[in-house]
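The values are calculated or read from the model by the stated rules, or taken from the named source; none is laboratory data. All values derive from a computational prediction rather than experimental measurement. Counting neighbours? That spans all protein chains shown, and the Cβs are built from the backbone with ideal geometry, glycine included. The area values use the complete protein model at the heavy-atom level, side chains included, leaving out ligands, DNA and RNA. Shrake-Rupley method; radii C 1.70, N 1.55, O 1.52, S 1.80 Å.
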Amino acid sequence: MRAIRTNAIRSRLSVLLSILLASLAGLCAIAGLMANDVLAADDPPRPPLAIQFSLDRPIDAAAAPFVMATAGGLFGAEALAVTTNIASGSSDAIARVAAGTSDFALVDINALMRFRDKDKQGGPRIKAVFVLFNKAPYSIIARKSRGVRALTDIEGKTLGAAEGDLSIRLWPAVAHQNGIKIKTVKQSSISAAVREPMLSAGQIDAVTGFSYLSAISLKDRGVPADDLAVLKFAEYGCEAYGFAVIANPALAAAKPEAVKGFVRAVISGLHLTIKDPAGAATEVANRMDGGSKDLELERLQSILRDNILTSEVKRNGIGAIDPARFERSIDQVAEDFKFQRRPQASDIFDDQFLPPLTGRLIN
């Protein structure tokens, strides 16, 4: 009997010892997790990723979403430290992204088509990842007092086109679509510096340019608003999209979350711009040499109305393309540019970095 009681006692002691050891092990594990949490909290935050972003021209109201993303700390919230540089045109900005000296750029998407077709490097192909201008701002700006009130009035007139102007590249398609005999229009090559002064002085009848630039600059020069005819190509059958963000292919492959974060920040910057256009225009003007907030506000309102907040964007959200429309726009580009190999929409635009529709809707 004594042996039985002794064995029972030993059994109970063994159970109690097992419970005690298990409890100690649990306490040690909890203490370890707490220590790891404390160490993690003490770790310095990772530095933001340095990003070079190119604008294809000196800053103006078109850059407002990017300016507001910077001013509002939206890039920083995506762990991006964005530095902006200025290129000498879309081709230069695209070349910087191709070379890797810039990570992103805002360029004309139709210039991207032409650049890619000429590029014989054979490396990863640059694509647009976000479309800012749902409608291109290509236009003819004319003086009504010179007899130009509608597009058909341009026949027999002198049309000035500045070197590097993007509008003139879509002019053949627009003329063809509207039955205009393009050979009856005298085209005069002029410097961008004298485009508005020559039209203002009546030395030419009309100029090609961006609706939000040339027309507003002419009014600022004293040309009466009711004497200006702003003939927007988008209202005459031009299907072209306009400014878009392109991304360096190596960055897009290695750090897709950085590309997604950049796009999210730009969309948030656009929301701020829409909410407070006057504040956005002031931020833009403050970054310009001698900028006028009133002039940039007028430009910004024109851009939002005509180029960004279109019916397509209100239906389908900002940033994406309609593939069928994009294919038609490629055909229109081809009326002035002979492609070595005609691209498809998917060759030019990559939608994988866009937020879901709910993140792209514009109220």
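Note on the chain: helix-only mean residue ellipticity at 222 nm, from DSSP H runs of 4+ residues weighted -39500 (n - 2.57) and normalised by residue number, equals -13500 deg cm²/dmol. For region 196-329, the number of Lys pairs separated by eight or more positions or lying on different chains, with C-alpha atoms closer than 19 Å, is 4. Computed on the Cα atoms alone, the convex hull of the chain gives a volume of 197 cubic angstrom per residue. Once the GluC sites (Glu not before Pro) in DSSP loops with at most 15 neighbouring Cβ atoms within 10 Å are cut out of the chain, the longest remaining piece is 164-363.
Projecting the Cα positions of 115, 203, 64 onto the charge dipole of the chain (unit charges on Cβ atoms of Lys, Arg, Asp and Glu, taken about the Cα centre) puts 115 furthest along the positive direction.
First select every other residue whose beta carbon is under 14 angstrom from the beta carbon of residue 194; then total the charges, Lys and Arg +1, Asp and Glu -1. Here the count lands on -1. Solvent-free Debye calculation, one equal scatterer per alpha-carbon of region 268-315: log10 I(q)/I(0) at 0.27, 0.30, 0.32 Å⁻¹ equals -0.98, -1.10, -1.16.
Region 119-168 and region 212-255 have their alpha-carbon centroids 8 Å apart.
So for 91, 189, 302, what's the accessible-area order with a 1.4 Å probe, most first? Please report the intermediate quantities before stating the final value.
Numbers: 91 75, 189 110, 302 10 Å².
Result of the area sort, largest leading: 189, 91, 302.
Remark: region 201-206, residue by residue, has Karplus-estimated 3J(HN,Hα) of 7, x, 7, 9, 8, 7 Hz, where x stands for each Gly or Pro and the curve is 6.51 cos²θ - 1.76 cosθ + 1.60 at θ = phi - 60°. Per-residue extension of 0.36 nm, minus the Cα-Cα distance of residue 334 and residue 181, leaves a gain of 53.2 nm for this segment. Solvent-accessible surface (1.4 Å probe) assigned to residue 309 amounts to roughly 40 Å². Rounded, prolate or oblate, given the Cα gyration tensor of region 221-346, with a/c below 1.5 counting as rounded? Oblate, since a/c reaches 1.5 and b/c is not below a/b.
Loop only per DSSP, at most 13 neighbouring Cβ atoms within 10 Å: give me the trypsin sites (Lys or Arg not before Pro) in region 170-224, ordered by residue number. Display every interim value, and only then the final one.
Working: sites: 181, 183, 186, 195, 219, 221; in loops: 181, 221.
When the trypsin sites (Lys or Arg not before Pro) of region 170-224 are filtered for loop state and at most 13 Cβ neighbours within 10 Å, 181, 221 remain.
By definition, a body whose alpha carbon gyration tensor gives a ≥ b ≥ c is oblate when a/c is 1.5 or more and a/b is not larger than b/c, and region 155-207 fits this oblate description. Multiplying the residue separation of residue 253 and residue 101 by 0.36 nm and removing their Cα-Cα distance gives an extension gain of 53.1 nm.
Filter the DSSP H helices in the chain by two things, a Kyte-Doolittle mean of at least 1.0 and an axial alpha-carbon span of 18 angstrom or more, and list the hits by number. Kindly include the intermediate steps, with their values, before the conclusion.
Working: long enough: 2-42 (60 Å, 1.09); 256-275 (29 Å, 0.64).
Flagged H segments are 2-42.
Among DSSP beta bridges lying fully in the chain, give the percent that are antiparallel, nearest 5. So the antiparallel bridges in the chain amount to around 55 percent.
Between residue 226 and residue 311, what FRET efficiency comes out of the Förster formula 1/(1 + (r/R0)^6) with R0 = 22 Å and r the beta carbon distance, rounded to 0.05? Approximately 0.20, to the nearest 0.05.
Take the alpha carbon gyration tensor of region 199-294, find the square roots of its eigenvalues, order them as a ≥ b ≥ c, and report rounded if a/c is under 1.5; if not, report prolate when a/b exceeds b/c, else oblate. It comes out prolate by the Cα gyration axes.
Near residue 153: Cβ cut-off under 13 Å, other residues only, Lys/Arg at +1 and Asp/Glu at -1. The net charge is +4. With both labels modelled 7 Å from their Cα along Cα-to-Cβ, the residue 327 to residue 278 distance reads 4.7 nm.
Work through the residues other than residue 178 whose Cβ is under 11 Å from its Cβ and net out their charges, Lys, Arg +1 and Asp, Glu -1. Taking every Cβ under 11 Å from that of residue 178, the sum is -1. Database remark: amide H of residue 187 closer than 5 angstrom to the amide H of 159 (H placed geometrically; neighbours at sequence offset of 5 or more, or on other chains; Pro and chain starts carry no H).
Restrict the search to region 306-363; then list the trypsin sites (Lys or Arg not before Pro) that DSSP places in a loop and that have at most 16 other Cβ atoms within 10 Å of their Cβ.
Details: sites: 314, 315, 325, 328, 338, 341, 360; in loops: 338, 341, 360.
Those that pass, being in a loop and sparsely packed, are 338, 341.
The charge dipole of region 290-354, taken about its Cα centre with unit charges on the Cβ atoms of Lys, Arg (+1), Asp and Glu (-1) only, comes to about 60 debye.
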